[in-house]
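Shown next, in structure tokens, is the structure this report addresses.
The values are calculated or read from the model by the stated rules, or taken from the named source; none is laboratory data. All values derive from a computational prediction rather than experimental measurement. Ideal geometry is used to build each Cβ from the backbone, glycine not excepted, and the neighbour counts take in all protein chains shown. Heavy atoms of the whole protein, side chains included, go into the accessibility calculation; ligands, DNA and RNA do not. Shrake-Rupley method; radii C 1.70, N 1.55, O 1.52, S 1.80 Å.
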Amino acid sequence: MNKFKITLSIFKEMILSPDLAFAVIKKRGDFFILFVFILLSMSLVQIVYLSQVDPAWYGDYATRLLSDKMAPDQISRMKKYYQPEFLSYVQPIVIFFGYSLFWSLQSLYLLIIGNIKKADIIFSEWFALVVWSSAPQIFVALLSLLNLSIGDNSHLTEELINPINFANLFSIDPSSTLYATLATTSVFTLWSFYLLLRGIKQWLSVSWIGALLIAFAPVLLIGYFLY
């Protein structure tokens, strides 16, 4: 069976039987095709969005939070860097390196936890688990592309690209302190987090509470030092 068919098989099991999928992932460690596909789908969403949005409007939108921090001439110069045509080349690079770094840090953290618990799991296996836990991102990309294929998107804000994020679904006002968090969260985010917890629980033989504490420990630690 070739790599593509194996990836499709694991993807199906990730939906129908995550425990079986994670068992196969730990045995085989296949993640590269999914890794590339997730990043390409996310990049495609940005490229399509930036090709449709009005350049003049987007420059104002992208720099809207700088009015209290910069002088008008500085904001005018900043707008030159927020041109959709330029960003359509930059965003895929940012997505690739940003997510690669984020997933690598997650995997390194889980490797450390695994070593503490004497688990025989190497970095690449943890990386595979993290990537596969992010598989629901593909559905977000597909819904976003469907949304971008409908209507006039020249003045569409980035928060509205994903039509089912919680800020959209619950009509949260943009001035709300919860808006930024809810605008980047959807049922697929929760699904992805559930898969990560289930994988940690299975591979480290811990309880759901244990998996939750392991997953949330870095967030709590960062929050402690920031606040």
Please determine whether any residue of region 150-158 is closer than 16 Å to MET42 by Cβ and either open to solvent by 10 Å² or more (accessible area, probe 1.4 Å) or among the charged types (D, E, K, R) (or both). yes
Of the criteria (1) touching a Leu at 6+ places or on another chain (Cβ under 7 Å); (2) of a type outside the set (Gly, Ala, Ser); (3) at pLDDT 90 or above, which one ILE172 fails: (3)
Would you mind finding the one in SER100, SER51, SER88 that is part of a helix (DSSP H, G or I), under 27 Å from ALA21 (Cα atoms) and hydroxyl-bearing (Ser, Thr, Tyr)? SER100
Qualifying position, being on the phi < 0 side of the Ramachandran plot, at pLDDT 95 or above and in a loop (DSSP other than H, G, I, E, B), among ALA128, ALA135: ALA135
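Here is a yes/no grid of residues against (1) open to solvent by 30 Å² or more (accessible area, probe 1.4 Å); (2) in contact with a Cys (Cβ under 6 Å, 6 or more places away or on another chain); (3) touching a residue at least 12 places away in the same chain (Cβ under 8 Å); (4) among the basic types (Lys, Arg):
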| position | (1), (2), (3), (4) |
| --- | --- |
| SER41 | no, no, yes, no |
| ILE47 | yes, no, yes, no |
| LEU66 | yes, no, yes, no |
| VAL90 | yes, no, no, no |
| VAL94 | yes, no, no, no |
| GLY98 | yes, no, no, no |
| PHE102 | yes, no, no, no |
| TYR109 | yes, no, yes, no |
Among the aromatic types (Phe, Trp, Tyr), modelled with pLDDT of 85 or more, assigned to a helix (DSSP H, G or I) and more than 26 Å from THR189 (Cβ to Cβ): is that true of PHE35 in this structure? no
List the number of the failed condition for PRO163; all other conditions in (1) out of contact with any Ser or Thr (no Cβ under 6 Å at 6 or more places or on another chain); (2) assigned to a helix (DSSP H, G or I) hold. (2)
Free of Cβ contacts under 8 Å to residues at least 40 places away in the same chain, in contact with a helix residue (DSSP H, G or I) (Cβ under 6 Å, 6 or more places away or on another chain) and within 24 Å of LEU197 (Cα to Cα), is that true of TRP132? no
Restricting region 174-221 to residues that are in a helix (DSSP H, G or I) and small (Gly, Ala, Ser), the one surrounded by the most Cβ atoms within 10 Å (Cβ to Cβ) turns out to be GLY199
Within region 49-62, considering residues that are crowded, with 18+ Cβ neighbours inside 10 Å and not aliphatic (A, V, I, L, M), the one farthest from the chain's Cα centre (by Cα): GLY59
Flagged in region 139-160 as among the aliphatic types (A, V, I, L, M) and assigned to a loop (DSSP other than H, G, I, E, B), in numbering order, are ILE150, LEU156
Return the total of residues in region 68-81 being closer than 23 Å to ALA180 by Cβ and open to solvent by less than 70 Å² (accessible area, probe 1.4 Å). 4
Count of residues meeting criterion [open to solvent by 70 Å² or more (accessible area, probe 1.4 Å) and in a helix (DSSP H, G or I)] in region 1-18: 7
